[in-house]
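Asker: This structure is in structure tokens; I'll ask about it shortly.
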Amino acid sequence: MKKEFVFKLALILCIVLLVYRLGIKPMLGPDYYFEGATNNEWAKSRLTKEQDRYDVIVVGEEPDGIAAAVSAARAGARTLLVAEGQDLGGSVSRCLYPEMEVSTGPNGELLSRGIFGEMYDKLGESFSIGKYKTVVNKLVGEEKNLETVYGAAVVSPIMENNSLQGVNISLGREKARAYYGKRFIDATREGKLLLMCNVPYFTGSGDLNLNKVFMPVLLNFELEGVNLGSNGNKASAAKTQALAAIKNYSPSHIHIKLNNFNIIKQENNRAIVRGIEVSGVDVTDEKAVAAAYKEAADEARDITAFLSGRVDAFKNCKLSKTAEAFYVRENRHFLGEHVLSVNELLENKDFDDKIALGSYPVEVGKLDDTGRMDVMGKPAMYGIPLGSIVPLKIDNLLMTGGKISCSSLASSSVGTVGTSIATGESAGVAAVYSIVNQVTPRDMVKKEDAQRVKEMQALLKRQGMYLPKIDLKNPNASNWSYPSVKKLNSLGLIAGGLKNDYQFDRKARQEDLAILLINGVYRLAPDRYSLELDSKIRPYFVKEKLTKGKAAEILAALYGLNIDKAGAYDRVCQLGYMDNQMQMKLAKLSEQEALAMDDIFYLSAYNIELFTGKKIPE
């Protein structure tokens, strides 16, 4: 009897397995979602309609918000786009920022496609703001599942425990009204909804203990009476002449510099001028922002006069307007299920749950007032994981753009326009897919839900997104000091530039070691930094060659050793401030030879950790 029961049970299990393998599982693949669907509405028949509840609510009319809303609507979800402005111009219009910031792969291929590709095909890399509004209005207007409210401000979230259920929205003078939804996407630049929901975050470079240090803010301005003509060659020649002339311009204010200067043709003999960067602005301080804006606006007038007097096409130009506000590239960084690190970008990291790609250079200039560093490195191609758009603590909520979960250094690449549009499109699909499958986006990040992630990725690819397997090695990984390089990268202490060249073999100067040590200590453990310590190290901020004797002197100063310079090297070796590996390497050098930069990378990372008693996160 027992054997018969076991046999029947085994037979039933086999039948269940066969049904799953041959019947249910194929239905759960991506083709299942498109079966019988029109206009890509793969989710429409699988969503429960609720009259007073949207499937997806997207807050923010930034390009990534538009992509998120269109993506969700195309899937068949009843979608609401909440626009703060009276149109869909967003920061493109308000900040006069008509640029796509395109990321390309190692062979020049576009990494952001899908909805970004549709916009890029019509607009190009830079464009007129009028044309942008026409394109996005058409993009949004064609989606019958998408509604938009304008002049709207989210007043407060409607929560049920840690689950977001709705938002109270104010429309002008009207009393705030509750809008309910199943999933929400914060596409505001500041993370307004995330902030209201108390999602953890840090500001500026807070992950480096520099929470008041932000990327430079940009002030673009518009000129009228610019004669760029209708002929492309004439416009190009005028632009070339202006770019050559501006090299001789010196800003009037110490915190202002011209960077990535560009002139973008608009309608009616107008042009937008890009390039005014203001550093050292605490974007959380309204008074500081207002004062910086005034200085930048003054600079815009000076640049207008400069171009008018030196470039034929600009001789009759006048300042039409400055942008309503700075283009702020960094404010809050919200924490998610995965914090994307700068080393993951520079190592061209692939992720099993990637939902977008990026490759834009990583900027580090905000941390350096000497002008020695600007670009930390240039990734070939990296993935952005689903976990980086799923915020901690709050369910039913996703995020897009530069505020997603990544290090402050990584955000300079991740937050560019093209990559943000890609994360927006993916957020739209992830939101709808999670509703259809009755799971939260957080559930999908779990490894046991890997199959669901693969299905979602297949849906993204079906929509035109590009998500190839990434297998690109970092050539610097073969250098013996590379583990130390990664540690110094994570603190924003070194830079390889656009060529990712750390100059491992360059002969080191005393300032190389001294600057790395003092800045590294401050960023890793501010409590171990003091003005007294700084005064001991600062005398070595000189360009003289760094011998092993001088390196020992600097380390002795770091640890407060009162020893004879002649015996400094032997003493720091005895105390372990130069470990066995370093001693063996330096034994080959004469007393007068300079150390190489790879020696400095290793020595500085080792002693930053030893002195502070903390490990540097990679």
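The values are calculated or read from the model by the stated rules, or taken from the named source; none is laboratory data. Here the structure is a predicted model, which means the values were calculated and not measured. Every residue, glycine as well, gets a Cβ built from its backbone with ideal geometry; the counts of neighbours run over all protein chains shown. For accessibility, only protein heavy atoms count, side chains too; no ligands or nucleic acids. Shrake-Rupley method; radii C 1.70, N 1.55, O 1.52, S 1.80 Å.
Asker: Is the shape of region 370-496 best called rounded, prolate or oblate, per the rule: a/c under 1.5 gives rounded, else a/b larger than b/c gives prolate, else oblate, with a ≥ b ≥ c the square roots of the Cα gyration tensor eigenvalues?
Answerer: Taking the square roots of the gyration eigenvalues as a ≥ b ≥ c, region 370-496 is prolate.
Asker: How large is the direction-averaged shadow of the alpha-carbon convex hull of region 335-428, in nm²?
Answerer: Seen from a random direction, the Cα hull of region 335-428 projects 5.9 nm² on average.
Asker: Count neighbours as other Cβ atoms within 10 Å of each site's Cβ, and list the trypsin sites (Lys or Arg not before Pro) in region 550-604 that are DSSP loop with at most 15 such neighbours. Display every interim value, and only then the final one.
Answerer: Numbers: sites: Lys550, Lys565, Arg571, Lys585, Lys588; in loops: Lys588.
Loop-located and lightly packed - Lys588.
Asker: Using the structure shown, select from Lys122/Lys144; Lys499/Lys614; Lys294/Lys315; Lys239/Lys543; Lys257/Lys548; Lys366/Lys507 the pairs with a Cα to Cα distance greater than 29 angstrom.
Answerer: Lys499/Lys614; Lys239/Lys543; Lys257/Lys548, as the Cα separations exceed 29 Å there.
Asker: Compute the label zone of Asn211 within region 272-286: residues whose backbone N is under 15 Å from the point 7 Å along Cα-to-Cβ.
Answerer: In region 272-286, the label zone of Asn211 (backbone N under 15 Å from the point 7 Å along Cα→Cβ) covers 282-285.
Asker: Would you mind telling me the share, in percent, of accessible area of region 145-260 contributed by carbon and sulfur at probe 1.4 angstrom? Each step should come with its number before you reach the end.
Answerer: Details: 2610 of 5620 Å².
On region 145-260, the fraction of accessible area on carbon and sulfur atoms equals 47 percent.
Asker: Taking the Cβ of Ala477 as the center, what net charge do the other residues with Cβ under 11 Å away carry, scoring Lys and Arg +1 and Asp and Glu -1?
Answerer: +1
Asker: Let me ask something else. Whole number in Å², please: accessible area per residue of region 219-304, 1.4 Å probe, ligands, DNA and RNA not counted. List each step's numbers first, then the result.
Answerer: Working: 4320 Å² over 86 residues.
Roughly 50 Å² per residue, with all protein chains present.
Asker: Then there is this: For the chain, count the residues as N, evaluate 2.2 N^0.38 Å, and divide the Cα radius of gyration by that value, please.
Answerer: That ratio works out to 1.09.
Asker: Under the 0.36 nm per residue contour assumption, what length would be gained going from the current alpha-carbon distance of Lys454 and Lys473 to full extension? Walk me through the intermediate numbers first.
Answerer: Numbers: separation 19, 0.36 × 19 = 6.84 nm, distance 2.41 nm.
Residue separation times 0.36 nm, minus the Cα-Cα distance, leaves 4.4 nm.
Asker: When the chain is fully extended, how far beyond the present Cα-Cα distance does Arg46 get from Glu544, taking 0.36 nm per residue of separation?
Answerer: 172.2 nm
Asker: Between Trp480 and Lys446, what length in nm is gained on full extension when 0.36 nm per residue of separation is reduced by their alpha carbon distance?
Answerer: So the extension gain works out to 8.7 nm.
Asker: Mind listing the Cα extents of region 218-364 along all three principal axes, in Å, largest one first?
Answerer: Principal axes ranked by extent give 54, 40, 27 Å for the Cα atoms.
Asker: A further question follows. Once both labels are modelled 7 Å past Cα along the beta-carbon direction, what's the Lys507-His253 spacing in nm?
Answerer: 4.3
Asker: Also, I was wondering about something else. In nm, to one decimal, how far is the modelled label at Glu174 from the one at Asp570, with both set 7 Å along Cα→Cβ?
Answerer: 8.5
Asker: Could you check the spin-label model distance between Asn268 and Ser236? Points 7 Å from the Cα along Cα→Cβ, value in nm.
Answerer: Each label point lies 7 Å from its Cα, and together they span 2.9 nm.
Asker: Asn227 label point, 7 Å along Cα→Cβ, cut-off 16 Å on backbone N: hits in region 309-333?
Answerer: What the label zone holds, given the 16 Å backbone N cut-off, is 309-318.
Asker: Just how far, in whole angstrom, is region 525-588 from region 41-110 if you go by their alpha carbon centroids?
Answerer: Between the Cα centres of region 41-110 and region 525-588 lies a distance of 54 Å.
Asker: Still on this model: Quickly estimate the mean residue ellipticity at 222 nm for the chain, helices only: each DSSP H run with n ≥ 4 gives -39500 (n - 2.57), and the total goes over all residues, rounded to 500.
Answerer: Values: 22 runs with 230 residues, N = 618.
Dividing the helical sum by the residues of the chain leaves -11000 deg cm²/dmol.
Asker: List residues of region 264-290, by number, whose backbone nitrogen lies under 16 Å from a label position 7 Å along Cα→C-beta of Ala245.
Answerer: 264-265, 270-274
Asker: Tally Lys/Arg at +1 and Asp/Glu at -1 over every other residue whose Cβ is under 12 Å from the Cβ of Lys614; what's the total?
Answerer: For residues surrounding Lys614, the net value is +2.
Asker: Helix hunt in the chain: which complete DSSP H runs extend at least 20 Å axially by C-alpha with mean Kyte-Doolittle at least 1.0?
Answerer: 2-19, 417-436
Asker: Follow-up question, since we're still on this one. How would you classify region 530-618 from its alpha-carbon gyration tensor, with a ≥ b ≥ c the square roots of the eigenvalues: rounded for a/c under 1.5, else prolate if a/b is greater than b/c, otherwise oblate?
Answerer: rounded
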